[in-house]
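Inspection log for the structure reproduced underneath, given as structure tokens.
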Amino acid sequence: MSSFDIRSVVNDMAIIRDAHVDKIFQWGFNVLFRVNVQGYGKKDVFFKEKKWLYMPKNKPQTPVDPQSFAMFLRKYLDNARIGDIEQVGFDRIVTMNLLKSGHNYQVIFEIFGGGNVLFVENGKILNCLVHKTMKDRNVRPGENYVIPVPRFDPTSSSFSDFAGIIKSSVTDAVRTLATGINLGGQYAEEVCTRSNIEKNTPVDKLSDDDLLKLYDKVKEIVAQMMNCQEAMLYRSECEIVDISPIEMSIYSHMKCEKFETISKAIDQYMIENAEAESEEYIDPEIIRLRKRIEKQTETVEQYKQDAAGYKKKADVIYTNYQQIKELLNVFNQQSRKLTWEKLKEGAMKISFVSSIEPSKNLVTAVFENVEIPLDYTKNVDANASDLYEKGKEIGKKAIRANDALEESVAVLKKKEAGMIKTKAMMTSGVQPTKQFWFDRYKWFITPSGRLVIAGKDAHTNDNIVKKHMKDNDIYAHTDIHGAPSTILKDGLNASDEDLRETCIYALAQSKGWVAALTDGSAYWVYTDQVSKTPQAGEFVPRGAFIIRGKRNYEYHLPMEIAVGEIMYENSKKIMCSPLESMKKLSKKYFIIKPGRGKSGKTAAQIAEELRVPEEEVSRILPPGDSEIVLKVWSDE
């Protein structure tokens, strides 16, 4: 993207001023800001592969689990209000100001030098997509944000400034306009074409009239760019050649398509080049792990070789025992009589001695093409023993290094499996639904629109009652061991149908489903009948409660349930509920009952047809196996 393109994109982004940040996603070098714009709904600002900044028409496929940078930004920017969005000078830098809880933050998009996204407060970098160390600035958390030295700004320059840059150049007209005047390649050519000046003309051959022509055409292009809200997409036959915010004379022989904004033109380019742009992304963590494994493998092999080398040297000592013994005796005796220089001189006359270090009492001898360091103050056995011990020590290091290697390989396999799954979901259009607070529990919406929540285990059973049960709620349960605590919110005002649906759900989410019962019973009580306080001598385990007083039973409850797609607060959700509740809220659902050995397949089939991650379905299904009885599907 050129500086002209970026100025045009900043104009597009004016629509999100005063909008609020909804969610931030990051995968690899892609960062997506989803914002709520009053009167327009949700809009996206997409920084793609560190080189494209635009507002796509449709939200790109995002992974299920955001990476650490996105999670960091969400912590600070959730629901933050967006202020001014500006291009820094005429450089390829865009600042997006955000306000939250009295804090003024900046998200800075750098679309040059490899690209980056920085999160800044009061001039200090809080976090960034890519950490860099350069000669003129450090880009990493904790450092002050230093704006790169501004480049020439043709939108505000005078003729004398312009002419000075041109005359100081030693290259041709087009290169000087592209780099010195900061126009970029295609706009430099456009200026030359409009000025009727050969682009390869050396700058020292340009007359004052030529300079004035060039300056006028630069200002003409700048004025057009400032006033034009459209964008042009140029094709050579079917292939997209370029995108520009203004009409370009250099592409007059090509087919031109007009778009309302440059973002829409870029979006069209991305759609048409989806296959080329969708080269398999590899998580940087996976790349780091592969490099680590490569180094660990080399280390393990080196340790093994070293250990084997020490053992071999020790073995060679014993196979040449007598000769080495004589050598050690000679050097031990002579070292006491001779100076180091004389000792070295004598040693090098021995054919199988390669070196000697008197300061360390070491002589290196070659036997069977193996160099063996020998301490001549020790006997043969002691030297061999030292080498064996060194070999054993390095062997232990090899074992520890191999354990670390195996651990890294296991982590890599897990990461790669997750990446494959994420890529599969992204390419298939599978999208996780919006998460709400109640997703940490089992839940459904009754026919009258009331929320029902149920525990998944002993811990969430406790949480539901202690944190979420209010005086006007109703508590439901079954007599089956291991049944969840189930709460019908605002249950005192609920209908008989809501109460029965809640009891059906409490039964279906119990171990009665695992036992494949055909029907069963459950009951509901008022909240003041639910207690954690036992009688003297009694004990209430975690997740269990004591019910005192009358229990209102519902009998002959069907052991079947439905899983389908509903809309909740204008967002798609996948709900598991009793059948009557599903009928009121959905036209796309499956009716399921206890099955045998089909739980995984059932979840996978439902997830595939509802186009959500399989985990999102499997975590809301009843415990045990399930099978599909009926599929109800409307294409409306």
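The values are calculated or read from the model by the stated rules, or taken from the named source; none is laboratory data. These numbers were taken from a predicted model, which means no experiment stands behind them. Note that each Cβ is placed from the backbone with ideal geometry, even for glycine, and that neighbours are counted across all protein chains shown. The area values use the complete protein model at the heavy-atom level, side chains included, leaving out ligands, DNA and RNA. Shrake-Rupley method; radii C 1.70, N 1.55, O 1.52, S 1.80 Å.
For the range 564-573, the condition holds for no residue, the condition being that it is of a type in the set (G, A, S), touching a residue at least 40 places away in the same chain (Cβ under 8 Å) and in contact with a Pro (Cβ under 7 Å, 6 or more places away or on another chain). Just name the residue that is modelled with the highest pLDDT out of those in the range 425-479 that are among the basic types (K, R) and closer than 30 Å to I24 by Cβ. Looking at the filtered set, the residue picked out is K442. Here the range 576-604 is the region considered, the condition is being in a strand (DSSP E or B) and hydroxyl-bearing (S, T, Y), and the residue that is most open to solvent (accessible area, probe 1.4 Å) is Y589. Answer yes if at least one residue in the range 33-48 is buried (at least 16 other Cβ atoms within 10 Å of the Cβ), aliphatic (A, V, I, L, M) and closer than 21 Å to V139 by Cα, and no otherwise. Looking through the range 33-48, none of the residues is buried (at least 16 other Cβ atoms within 10 Å of the Cβ), aliphatic (A, V, I, L, M) and closer than 21 Å to V139 by Cα. Cβ-Cβ distances below 9 Å connect the following pairs, each with a first residue in the range 490-513 that is closer than 17 Å to K442 by Cα, a second residue that is buried (at least 24 other Cβ atoms within 10 Å of the Cβ) and of a type in the set (K, R), and a separation of six or more residues or different chains: Y505/K442; Q509/K442. For I243, the conditions (1) without any contact (Cβ under 8 Å) to a residue 12 or more places away in the chain; (2) farther than 18 Å from F90 by Cβ all hold with the exception of (1).
Are there any helices (runs of 4 or more DSSP H) wholly within the range 168-278 with 1 or more residues that are more than 30 Å from I15 (Cβ to Cβ) and modelled with pLDDT of 90 or more, and if so which?
In the range 168-278, 185-195, 208-227 are the helices (runs of 4 or more DSSP H) which contain 1 or more residues that are more than 30 Å from I15 (Cβ to Cβ) and modelled with pLDDT of 90 or more.
Listed by first and then second residue, the pairs linking a residue in the range 451-466 that is in a helix (DSSP H, G or I) to a residue that is open to solvent by 20 Å² or more (accessible area, probe 1.4 Å), with Cβ atoms under 6 Å apart and 6 or more places separating them unless they lie on different chains, are A458/R542. Any idea which of (1) under 15 Å from the mean Cα position of the chain (by Cα); (2) open to solvent by less than 20 Å² (accessible area, probe 1.4 Å) is the one S3 doesn't satisfy? The single condition S3 does not satisfy is (1). Scanning the range 55-98 for residues that are open to solvent by less than 10 Å² (accessible area, probe 1.4 Å) and within 30 Å of I181 (Cα to Cα) yields F90, I93, V94, M96. Being open to solvent by 70 Å² or more (accessible area, probe 1.4 Å) and in contact (Cβ under 8 Å) with a residue 12 or more places away in the chain is the filter; apply it to the range 246-255 and report the residue that is nearest to T193 (Cα to Cα). The residue in question is E247.
Summed over the range 620-636, the residues that are of a type outside the set (F, W, Y), open to solvent by 70 Å² or more (accessible area, probe 1.4 Å) and touching a residue at least 12 places away in the same chain (Cβ under 8 Å) give a count of 4. Just one of the listed residues (S335, S408, S385) is open to solvent by less than 80 Å² (accessible area, probe 1.4 Å), of a type outside the set (K, R) and at pLDDT below 90, and it is S335. The number of residues in the range 467-479 that are open to solvent by 50 Å² or more (accessible area, probe 1.4 Å) and either of a type in the set (A, V, I, L, M, F, W, C) or part of a loop (DSSP other than H, G, I, E, B) (or both) comes to 4.
Within the range 622-631, does at least one residue satisfy the condition of being more than 17 Å from A508 (Cβ to Cβ) and assigned to a helix (DSSP H, G or I)? Scanning the range 622-631, I find no residue that is more than 17 Å from A508 (Cβ to Cβ) and assigned to a helix (DSSP H, G or I), so the answer is no. Number of residues in the range 99-137 that are of a type outside the set (D, E) and surrounded by fewer than 16 Cβ atoms within 10 Å (Cβ to Cβ): the value is 17. Counting residues in the range 287-306 that are within 15 Å of V363 (Cα to Cα) and basic (K, R) gives zero. Residues considered: V21, V31. Of these, the only one that is within 30 Å of V241 (Cβ to Cβ) and modelled with pLDDT of 90 or more is V31. All told, A607 falls short of being in a loop (DSSP other than H, G, I, E, B) and touching a residue at least 60 places away in the same chain (Cβ under 8 Å). Looking at E368, is it within 20 Å of Q322 (Cβ to Cβ) and open to solvent by 70 Å² or more (accessible area, probe 1.4 Å)? So E368 fits the description; yes. Do the conditions hold for K396, that is, is it touching a residue at least 40 places away in the same chain (Cβ under 8 Å) and either surrounded by fewer than 15 Cβ atoms within 10 Å (Cβ to Cβ) or of a type in the set (K, R) (or both)? Judged against the criteria, K396 is not a match.
Considering the conditions (1) open to solvent by 60 Å² or more (accessible area, probe 1.4 Å); (2) touching a residue at least 24 places away in the same chain (Cβ under 8 Å); (3) over 43 Å from the mean Cα position of the chain (by Cα), Q229 is excluded by exactly one of them, (3). All conditions in (1) in a helix (DSSP H, G or I); (2) under 30 Å from Y388 (Cβ atoms) hold for R336, with the sole exception of (1).
Of all residues in the range 43-73, those satisfying the criterion of being of a type in the set (F, W, Y) and within 17 Å of the chain's Cα centre (by Cα) are F46, F47, F69, F72. Taking the criterion of being among the small types (G, A, S) and either touching a residue at least 40 places away in the same chain (Cβ under 8 Å) or not in a helix (DSSP H, G or I) (or both), the residues of the range 141-167 that qualify are G142, S156, S157, S158, A163.
Scanning the range 522-575 for residues that are assigned to a strand (DSSP E or B), closer than 18 Å to E497 by Cβ and under 44 Å from the mean Cα position of the chain (by Cα) turns up P558, I561, A562, I566, M575. Residues in the range 87-134 that are of a type in the set (A, V, I, L, M), without any contact (Cβ under 8 Å) to a residue 60 or more places away in the chain and in a loop (DSSP other than H, G, I, E, B): M134 only.
Take the range 339-359 and flag every residue that is touching a residue at least 12 places away in the same chain (Cβ under 8 Å) and either in a loop (DSSP other than H, G, I, E, B) or open to solvent by 100 Å² or more (accessible area, probe 1.4 Å) (or both).
Result: W340, I350, F352.
Give me a count of the residues in the range 526-544 that are surrounded by fewer than 19 Cβ atoms within 10 Å (Cβ to Cβ) and either modelled with pLDDT of 95 or more or not small (G, A, S) (or both). Looking only at that region, the number is 13.
Here is a list: V45, V10, V21, V35. Which entry is over 19 Å from P284 (Cβ atoms), touching a residue at least 12 places away in the same chain (Cβ under 8 Å), touching a strand residue (DSSP E or B) at 6+ places or on another chain (Cβ under 6 Å) and assigned to a helix (DSSP H, G or I)? Give the steps one after another, and end with the answer.
Numbers: V45 fails: assigned to a helix (DSSP H, G or I); V21 fails: assigned to a helix (DSSP H, G or I); V35 fails: assigned to a helix (DSSP H, G or I).
Testing whether each residue is over 19 Å from P284 (Cβ atoms), touching a residue at least 12 places away in the same chain (Cβ under 8 Å), touching a strand residue (DSSP E or B) at 6+ places or on another chain (Cβ under 6 Å) and assigned to a helix (DSSP H, G or I) leaves just V10.
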